[in-house]
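Engineer: Please read through the structure below; I'll follow up with questions.
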Ligand code: ATP
Ligand code: MG
């Protein structure tokens, strides 16, 4: 089936890999092992092995979306400014622009307009449409091309419903689709309450792989088990229990009044929390220092307005820092008890009030948003309801970073010897390695292979040292190596991939020089290979 991989030069590494694989970053490893190539920062060329890997992931994603009744489409990569003006997103510096068009960074605008053309009556709803394709974002700090690319592959889905309760059902359905996809990928994941940032609504989840190298910080409660992105989690403050000391930061409001934010020393203020409170609108274009300077320059500071905002953790008994500016108490407004800071490890959980939070790092691989009418209103997109009235869609959007998944899976599963794919995504699931010591004919090998139907396997009957052939297969991340050698009709199956419970077979696993292997009769071999792959 995958024997053709041998006939291609592209991407199959010929020379030796760097001596110390452990020292390679995962992106370097993917490049050296011939999966991808990186022509420029943030751009990726997919080579045969990488292409096969990403297609396997796409197939799993596609299967679960289709099963849930989602319809696959593929929109043009170019999108006209007029649509983005309506939603106020044209002035986004992540957009790549080509004249009056941008390269699609996401597709709420286009997809909403497309669905509007046909789903114009309540009878035709709900609709969930999705696509898998390339997206373009001018990321300031691309990482390794795959984790944070300027061009990357995304699965994006959009749901359109008649009302909120129906939209929430679509949202729940898509969360189930995500759960099933990540389960099948067979890499540990968490679903975290997410900050919905600039484009989301209030209800949103992020799907993460746990990894030390992740960019996101997650907090999990050790009692109720709820996980949240740190940007979303507020600390639990026991009543009457305030910080010993506070810090202050300086800001200007849109009216150029001075705004002072007091918060417990050492804590992180989250300005999205402040925004949620709707107390003031702060200028985001200047630093704390510039705010002070501008305020001082603007005249007699004693007579200007000052707005003080105190975090919930600041109260009676908290030592406040001296101010760098003169002020008049009569021109001062104070808001107290405002939740402004993020929780951190060791804090109590504000949700269950019983547990403590612990923190870990995650790589975001997916995101589900409930959007409401955020896009359908400005785009004036909707349908006619059962009473003949025109209404706007209730929407949701759902992304998976498909190319990011390739790197993220590689990152969390690799070890010092190379890649280590789960069977579900491995470009090659089994390497059948014929040793020089094998004295039988290749007909027997053919017969063995004929029972591997449905698996992605490859036969390596080339000349060469057995150890090197095995090491190459393992470096590429192939979960199983079957060795046909001098013990034939006994064959050896080496387990490279991570595995779940093998059941009865577990007792037959032997450990030799750090390698887990089974020695089995060739007759039973194919059946055992199928069984092993189903838990790897
Ligand atoms: P991030 O916070 O990592 O920038 P985002 O919130 O901008 O992500 P979405 O717009 O929700 O991401 O995109 C959906 C998914 O696409 C994300 O969950 C992520 O897995 C993936 N993704 C986003 N930006 C990139 C990128 N530059 N390169 C690769 N994958 C990406
Ligand atoms: Mg982003």
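Engineer: Show the residue pairs that are 6+ apart or on different chains and have beta-carbon atoms under 6 Å apart, the first residue being within the range 91-108 and under 12 Å from residue 139 (Cβ atoms), the second being more than 12 Å from ligand 1 (Cβ to nearest atom) and assigned to a loop (DSSP other than H, G, I, E, B).
Structural biologist: Listed pairs, sorted by first residue: 105/95.
Engineer: Which of the residues belonging to the range 444-455 are under 15 Å from residue 532 (Cα atoms) and touching a helix residue (DSSP H, G or I) at 6+ places or on another chain (Cβ under 8 Å)?
Structural biologist: Keep residues of the range 444-455 that are under 15 Å from residue 532 (Cα atoms), which gives 451-455.
451, 452, 455, listed by residue number.
Engineer: Filter the range 356-380 down to residues that are within 16 Å of ligand 1 (Cβ to nearest atom) and either assigned to a loop (DSSP other than H, G, I, E, B) or without any contact (Cβ under 8 Å) to a residue 40 or more places away in the chain (or both), then give me how many there are.
Structural biologist: 2
Engineer: Now a separate question. Evaluate the range 274-294: report whether one residue or more is in contact with a strand residue (DSSP E or B) (Cβ under 8 Å, 6 or more places away or on another chain), touching a residue at least 60 places away in the same chain (Cβ under 8 Å) and outside any strand (DSSP E or B).
Structural biologist: Yes; the residues of the range 274-294 include at least one that is in contact with a strand residue (DSSP E or B) (Cβ under 8 Å, 6 or more places away or on another chain), touching a residue at least 60 places away in the same chain (Cβ under 8 Å) and outside any strand (DSSP E or B).
Engineer: Any residue at all in the range 43-55 that's outside the structural domain of residue 387 (by TED's automatic domain parsing), within 15 Å of ligand 1 (Cβ to nearest atom) and assigned to a loop (DSSP other than H, G, I, E, B)?
Structural biologist: Yes: one or more hits.
Engineer: If you don't mind, another one. Residue by residue through the range 138-152, note down the ones that are more than 8 Å from ligand 1 (Cβ to nearest atom) and modelled with pLDDT of 95 or more.
Structural biologist: 138, 151
Engineer: Now a separate question. Looking at the range 34-51, which of its residues are surrounded by fewer than 18 Cβ atoms within 10 Å (Cβ to Cβ) and closer than 15 Å to residue 421 by Cβ? Steps first, answer last, please.
Structural biologist: Looking only at the range 34-51, we keep the residues that are surrounded by fewer than 18 Cβ atoms within 10 Å (Cβ to Cβ), and these are 37, 39-41, 43, 45, 51.
Matches in the range 34-51: 51 only.
Engineer: Can residue 477 be described as assigned to a loop (DSSP other than H, G, I, E, B) and surrounded by fewer than 23 Cβ atoms within 10 Å (Cβ to Cβ)? If you could, list the steps in order and put the result at the bottom.
Structural biologist: Values: assigned to a loop (DSSP other than H, G, I, E, B): yes; surrounded by fewer than 23 Cβ atoms within 10 Å (Cβ to Cβ): no.
When the stated conditions are applied, residue 477 does not pass them.
Engineer: Could you count how many residues in the range 381-424 are more than 16 Å from ligand 2 (Cβ to nearest atom) and either under 30 Å from residue 500 (Cα atoms) or touching a residue at least 24 places away in the same chain (Cβ under 8 Å) (or both)?
Structural biologist: The total comes to 28.
Engineer: Another one. Out of the strands (runs of 3 or more DSSP E) lying entirely within the range 77-182, which hold 3 or more residues that are within 16 Å of ligand 2 (Cβ to nearest atom) and crowded, with 18+ Cβ neighbours inside 10 Å?
Structural biologist: Fully inside the range 77-182 and qualifying: 151-161.
The values are calculated or read from the model by the stated rules, or taken from the named source; none is laboratory data. All figures in this text were calculated on a predicted structure; none of them were measured in a lab. With ideal geometry, Cβ positions are generated from the backbone for all residues, glycine too; neighbour counts draw on all protein chains shown.
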